[in-house]
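In what follows, a single structure is set out as structure tokens and then discussed.
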Amino acid sequence: MTDTPSPATLVPTLFIDSDHPAVVAFAREVARGDTDRERAVALYYAVRDGFRYDPYRVDLSVEGMRASTVITSGFGWCNPKAALLAAAARAVGLPARLGYADVRNHLSTERMRQTMQTDLFCWHGYTELWIDGAWRKATPAFNLSLCDKFGLLPLDFNGHDDSIYHPFDKAGNRHMEYVHQRGSFDDMPLQRIVADFERLYPIWLPQLQAFRKVDFLADVDREVR
């Protein structure tokens, strides 16, 4: 990718379906402001807090990973929520793309850690927004109420500084660590994501259907107690 936006960062794609009626309506409603920065910040908070983070309801199908599906379902995990922020930005004329990194100590529960058998979460997704002549990273995954439950600092976004996960929680304990940057993409590289998931998480992946029947927030409550 070049440092400046390509035409591809403004058009609908398979996963960043910025022409979907629900995405268009959502973006037009919440992208308030007189500048690109103000509109981007408004979109960020609407995606971060308007759709709850739920890593138990992962659906790796094309339909399950689309931006519009987050709107229709009301929830998502890091990758589809990042796609929604990118789609909403494109819907109001803001260039946007997706970025990915491998991280350690990602927000999770004991059930997830035991099933995944690692603290390495690959292909953690965020959004890159073109604002005032530069790409700004924004991570809209973890809604405010969930951060409060876990005692984590919520990720704020001012449209100028990159917003990627804080390395420490509210108590000063080490939290998320970025260990490998995978780069920027005009659309979600789902085949590559699934291939790495199959290789790294052979126990977790076959249990996705069963995980969807478990209450993530109930596990969170047990975790924090």
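Per the conditions (1) surrounded by fewer than 17 Cβ atoms within 10 Å (Cβ to Cβ); (2) touching a Gly at 6+ places or on another chain (Cβ under 9 Å); (3) modelled with pLDDT of 95 or more, the sole criterion not satisfied by M188 is (1). If the condition is being small (G, A, S) and buried (at least 17 other Cβ atoms within 10 Å of the Cβ), then the stretch 13-41 contributes S18, A27, A31, A40. Out of the residues in the stretch 137-161 meeting the condition of being part of a loop (DSSP other than H, G, I, E, B), closer than 22 Å to A87 by Cβ and of a type in the set (A, V, I, L, M), tell me which one is farthest from the chain's Cα centre (by Cα). Out of the qualifying residues, it is L155.
Within the stretch 147-157, the presence of at least one residue that is within 16 Å of S108 (Cα to Cα) and small (G, A, S) is confirmed. Here is a check on your reading of the model: is P202 surrounded by 13 or more Cβ atoms within 10 Å (Cβ to Cβ), of a type outside the set (G, A, S) and outside any helix (DSSP H, G or I)? Against the criterion (surrounded by 13 or more Cβ atoms within 10 Å (Cβ to Cβ), of a type outside the set (G, A, S) and outside any helix (DSSP H, G or I)), P202 does not qualify.
Of the residues making up the stretch 100-114, none is at pLDDT 95 or above, surrounded by fewer than 21 Cβ atoms within 10 Å (Cβ to Cβ), under 24 Å from K149 (Cβ atoms) and not β-branched (V, I, T). Taking the stretch 205-225 as the range and being in a loop (DSSP other than H, G, I, E, B) and more than 15 Å from Y56 (Cβ to Cβ) as the test, only R225 passes.
A Cβ distance below 8 Å, combined with a sequence gap of six or more or placement on separate chains, defines the contacts here; from the stretch 4-16, residues that are over 13 Å from M188 (Cα atoms) reach residues that are at pLDDT 95 or above and of a type in the set (D, E) in the pairs S6/D186.
The values are calculated or read from the model by the stated rules, or taken from the named source; none is laboratory data. What you see is a predicted model, and the numbers here were worked out from it, not measured in a lab. Cβ: placed from backbone, ideal geometry, glycine included. Neighbour counts: every protein chain shown.
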